[in-house]
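The values are calculated or read from the model by the stated rules, or taken from the named source; none is laboratory data. What you see is a predicted model; the values in this text were computed from it and never measured. Here Cβ is always computed from backbone atoms with ideal geometry, including for glycine, and neighbour counts include all displayed protein chains. Surface accessibility is based on the protein's heavy atoms, side chains included, excluding ligands, DNA and RNA. Shrake-Rupley method; radii C 1.70, N 1.55, O 1.52, S 1.80 Å.
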Amino acid sequence: ALIDAYDPGRRLAFIHESFGKVATVCQEILARRADPAPPARLAYPVDQQASICRNLIHRMGYDVDEPRGNLSVSSHPFCRRVGRREVWLTNRYDEHNFLPALMTIIHEGGHGRYYQNLPLNLADDW
C-alpha cells in the first residue's frame, strides 16, 4: 500500500517476485524433509546453520561476497548499508534451535537484497 511513498518507481510485481523467490526456497527445503512439518526445535551445529543461512540469502538474491555483502555474527542481528551497494548482515545462532536464525536471516536478507538492488539514482539517498 505504501510502495509509491517508500520506493518510487517500484511496482507491486517486484514485491510478488521477491517474496516468490523466498517461498520457493522455503518450499524446496521443506520438500526435502520426510515430515514436512518442522519440529519445534531444530538442533544443528552453528557452522552448519551459518552455511545454510548464507546459501539461503544468496538464493534469495543477496550478494553475500565482499565487497557487496558480508554475513557475520552478532548478539543482535541487523542489516547495515555501508556504501551505495555494500550491505552487511549479521545473525545470531543457537546450536539447540535453528528456527530463530532461519527466520532472522530471511528478514535481514530481505533488507540486504533490497538495498543492494536499489536503482543507482536512489542508492545515494541515504
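Just give me the residues in the stretch 78-87 being within 28 Å of Gln27 (Cβ to Cβ) and open to solvent by 20 Å² or more (accessible area, probe 1.4 Å), in sequence order.
From the stretch 78-87, those within 28 Å of Gln27 (Cβ to Cβ) are 78-79, 87; that's our starting set.
Those that are within 28 Å of Gln27 (Cβ to Cβ) and open to solvent by 20 Å² or more (accessible area, probe 1.4 Å): Phe78, Cys79.
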Exercise for review: Return the total of residues in the stretch 44-58 being farther than 20 Å from Leu118 by Cβ and open to solvent by 40 Å² or more (accessible area, probe 1.4 Å).
Suggested key: 9
Exercise for review: Residue by residue through the stretch 96-126, note down the ones that are farther than 26 Å from Ile52 by Cα and either open to solvent by 70 Å² or more (accessible area, probe 1.4 Å) or among the basic types (Lys, Arg) (or both).
Suggested key: Leu120, Asn121, Asp124, Asp125, Trp126
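So which of Arg41, Arg84, Arg68 is modelled with pLDDT under 90, in contact with a helix residue (DSSP H, G or I) (Cβ under 9 Å, 6 or more places away or on another chain) and either of a type in the set (A, V, I, L, M) or under 14 Å from Tyr115 (Cβ atoms) (or both)?
Exactly one of Arg41, Arg84, Arg68 is modelled with pLDDT under 90, in contact with a helix residue (DSSP H, G or I) (Cβ under 9 Å, 6 or more places away or on another chain) and either of a type in the set (A, V, I, L, M) or under 14 Å from Tyr115 (Cβ atoms) (or both), namely Arg84.
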Check your understanding: Among the residues of the stretch 69-77, is any open to solvent by less than 20 Å² (accessible area, probe 1.4 Å), touching a Lys or Arg at 6+ places or on another chain (Cβ under 9 Å) and closer than 18 Å to Cys26 by Cα?
Key -> no
Check your understanding: Mind checking whether some residue in the stretch 30-52 is of a type in the set (Phe, Trp, Tyr) and closer than 26 Å to Leu120 by Cβ?
Key -> no
Review point. Out of all the residues in the stretch 6-15, which are open to solvent by less than 80 Å² (accessible area, probe 1.4 Å) and either small (Gly, Ala, Ser) or outside any loop (DSSP other than H, G, I, E, B) (or both)?
Key: Gly9, Ala13, Phe14, Ile15
